[in-house]
Amino acid sequence: MGLDHKWFGNLSRQNGYYEHQISPFQQNLFKGFFNPGAKKFAFRLGRQALFALPPMAFYYYLSQWATETNNHYHTKAYLKQHGGEH
């Protein structure tokens, strides 16, 4: 039995030194994963953007307005304008 036949991982022996290689079945673990999947994901995300983006934008600007209004209520200018009452 010679060492020229191929076993799993393609092991070869050289005077007590073993060389390990990856099996051909393990090299292409994600083959074909990104090609059709990325296109479908982008297409579906684009279709749902019309439903998701307007409410997100509305609540983002509402949050910005509320933060600015709250910060204005806690300034000296607001307190002077309303007679120091809070």
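The values are calculated or read from the model by the stated rules, or taken from the named source; none is laboratory data. From a predicted model like this one, the values you see are computed outputs, not experimental measurements. All Cβ positions, glycine included, derive from the backbone under ideal geometry; neighbour counts span all protein chains shown.
Things worth noting here:
- Of all residues making up the range 32-42, the number that are more than 17 Å from the chain's Cα centre (by Cα) and assigned to a helix (DSSP H, G or I): 2
- Check on F25, at pLDDT below 70 and part of a helix (DSSP H, G or I): yes
- Qualifying residue in the range 66-75 (condition: modelled with pLDDT under 80 and either loosely packed, with under 10 Cβ neighbours inside 10 Å or of a type in the set (A, V, I, L, M) (or both)): no
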